[in-house]
1. For region 325-334, indicate whether the set of residues that are β-branched (Val, Ile, Thr) and under 18 Å from TYR364 (Cα atoms) is non-empty.
2. Among the residues of region 363-378, are any closer than 22 Å to VAL30 by Cβ and either among the hydroxyl-bearing types (Ser, Thr, Tyr) or modelled with pLDDT under 90 (or both)?
3. Which residue out of LEU325, LEU299, LEU309 is of a type outside the set (Gly, Ala, Ser) and out of contact with any Pro (no Cβ under 7 Å at 6 or more places or on another chain)?
4. Is it true that some residue in region 10-22 is closer than 21 Å to HIS284 by Cβ and touching a helix residue (DSSP H, G or I) at 6+ places or on another chain (Cβ under 6 Å)?
5. Determine which member of the set LYS361, LYS336 is surrounded by fewer than 18 Cβ atoms within 10 Å (Cβ to Cβ) and farther than 25 Å from ARG249 by Cα.
6. Take the residues in region 146-199 that are outside any helix (DSSP H, G or I) and polar (S, T, N, Q), then tell me which one is modelled with the highest pLDDT.
7. Please indicate, with yes or no, whether at least one residue in region 324-331 is buried (at least 18 other Cβ atoms within 10 Å of the Cβ), under 14 Å from GLY12 (Cβ atoms) and touching a Gly at 6+ places or on another chain (Cβ under 9 Å).
Amino acid sequence: MSKFISIPVNSGDCFFLEGDITSGKVSVLVDAGQGLVDKTDIDEYLYHNLKISRLDIIIVTHNDRDHSGGIKKILNNNNITKKEVYLPALWFDRVDDAIARPREFFRELLDDISSLKDKEISYSDEECSVIDKEGEEFEDMKPLNDVDESQYEETSVHEGISLHRKTARALHIYKCKSCRQRLISNKKLSKKKLSALNEALGALSEIIEIYSLALEKNLDIRWFDYDKTSDLQGNLSSIDLLTSNPIVRPVNSKYIQVPKIRKHRAYYYIHVNRLNRRSLVFIHRGNGGDVLFCADSLLHFKLPSSSNLLATAPHHGRAANDVALKKLMNTNHFPKVVFVRNSHNMSDGKKISKYFVKRVKSGYKYCDRCFDTNSGNLIRSPQVIKLELVAGAWNVDYTVFQCCCS
């Protein structure tokens, strides 16, 4: 039997899954957005309110804070036992450099952003983006120029002083306002470039904190390399916890034991990790029903068909991701789909897809919060959404209300 819970963090996605494999029950947490749940930290809410004391797998789909912001608290909570963390392989590329030589990495990032023109920086939703000369956002961005390897000699985070101290030092430089001001004192940055720098440093800090905590807690890190051609048959046999019938399989990525070191430029490294379209997508194959964790993806790749699918609404059910919603509404591949939507934040109301509101039938969608999409006003308070797969049907807990977004 598969059990699914959507947890209404203040901002973003947080999903819990428990299912059966050959060796027994396995529990999975997919993302943990930022903020409180009913005035309680996410880790304490999991442990005390939901009575979850074990997470075999923690998946971080990408490093936007509305997906990764609560992961650090969960990793730090010793009441919850943890085994494995699934991370985007792109994180691995420059994380050692960013931790071991933070000033050099900061200056490289600063040079990258300084070299851009204001018209090359745009804002889409809450994140800064680099755009090319035709105005299209890069998908396969080329590095701005080669990295000077000489300034990063012997930068392994595993050498010398402790990882904890190195991480603390690096984060102080990236987060401390006075440190930032000293490092950029000889640069004249426009308002756009300064915003891009602050966004990049915030995103970088998320990567560093989660990666270093996973190492400190001696968790097994599993790396998944974004790949739109993934055939769902990637070699998972080397993952101890997984068997020939794993609890989740990657849909748009492949598991790799040792990520490639590409040494992309600093801003490219951070930016490409923030692209929503590169969010990791996973599927759980249950007994008579499946769960598709869509994150913020546009689902621009082949999807596995399912006759009974529970899907997390792509990018919080926003209009910008209608293409993904419409793909999931294809009855040839998905004759029955139940959507669960978590909100990005309290200002989500006017951004929710009219397609989601009008075309997805009542009884086939559930929201952590419901809004009037015209006024943007909240019309239903946050709720925990619980579903269980019983005899091939998704049974909704009696406490859960259907979506009433209008």
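1. yes
2. Yes; the residues of region 363-378 include at least one that is closer than 22 Å to VAL30 by Cβ and either among the hydroxyl-bearing types (Ser, Thr, Tyr) or modelled with pLDDT under 90 (or both).
3. Being of a type outside the set (Gly, Ala, Ser) and out of contact with any Pro (no Cβ under 7 Å at 6 or more places or on another chain) holds for just one of LEU325, LEU299, LEU309, which is LEU309.
4. yes
5. Just one listed residue meets the conditions, LYS361.
6. Of region 146-199, the ones outside any helix (DSSP H, G or I) are 146-148, 153-162, 176, 184-190.
Still in the list and also polar (S, T, N, Q): 155-156, 162, 185-186, 190.
Working: THR155: 49, SER156: 54, SER162: 83, SER185: 82, ASN186: 81, SER190: 89.
Going through the qualifying residues, I end up with SER190.
7. No, region 324-331 contains no residue that is buried (at least 18 other Cβ atoms within 10 Å of the Cβ), under 14 Å from GLY12 (Cβ atoms) and touching a Gly at 6+ places or on another chain (Cβ under 9 Å).
Table: residues versus (1) of a type in the set (Asp, Glu); (2) modelled with pLDDT of 55 or more; (3) touching a Pro at 6+ places or on another chain (Cβ under 6 Å).
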| site | (1), (2), (3) |
| --- | --- |
| GLU84 | yes, yes, no |
| ALA89 | no, yes, yes |
| ASP96 | yes, yes, no |
| PHE106 | no, yes, no |
| ASP111 | yes, yes, no |
| ASP118 | yes, yes, no |
| SER122 | no, yes, no |
| PHE138 | no, no, no |
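The values are calculated or read from the model by the stated rules, or taken from the named source; none is laboratory data. Only a predicted model underlies this, so the values are computations on that prediction, with no experimental measurement involved. So basically every Cβ, Gly included, is an ideal-geometry build from the backbone, and we count neighbours across all protein chains shown.
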